[in-house]
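The values are calculated or read from the model by the stated rules, or taken from the named source; none is laboratory data. Quick caveat: nothing in here was measured; it's all calculated off a predicted structure. Cβ sites come from the backbone with ideal geometry, for glycine too, and all protein chains shown count toward neighbours. The area values use the complete protein model at the heavy-atom level, side chains included, leaving out ligands, DNA and RNA. Shrake-Rupley method; radii C 1.70, N 1.55, O 1.52, S 1.80 Å.
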Amino acid sequence: MSNPIVPRESEMSLAELRGDCARMAPHWVVPAKTTAKPVEPSRIHGVTVPPSSARLIDAMSEYGD
């Protein structure tokens with residue numbers, strides 16, 4: 001009984017990889033789209049942000065808004 005020669009991953013071409021993906025695509029389940037509804041700020045309770053985290057977020061605008 002002989003074993004077929006299977007190429008290593010690094011030897012697989014992009015075209016072969018795309019072909020494999022195309023053959024598998026019909027088997028993938030796509031979840032139904034759901035959209036999250038915004039929550040009113042008055043309904044948010046018990047969330048605390050440490051001062052160091054607040055400073056980090058506040059400083060992020062310096063890196064490009």
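General remarks:
- Residues being open to solvent by 100 Å² or more (accessible area, probe 1.4 Å), in a loop (DSSP other than H, G, I, E, B) and either of a type in the set (A, V, I, L, M) or touching a helix residue (DSSP H, G or I) at 6+ places or on another chain (Cβ under 9 Å) (or both) - total across segment 37-57: 1
- Contacts under 9 angstrom Cβ, first residue in segment 31-59 being hydrophobic (A, V, I, L, M, F, W, C), partner part of a helix (DSSP H, G or I), 6 or more apart: Val49/Ile57
- Enumeration of residues in segment 9-36 that are assigned to a loop (DSSP other than H, G, I, E, B) and not hydrophobic (A, V, I, L, M, F, W, C): Ser13, Pro31, Lys33, Thr34, Thr35
- The criterion of being basic (Lys, Arg), open to solvent by 80 Å² or more (accessible area, probe 1.4 Å) and modelled with pLDDT under 80 holds for Arg8.
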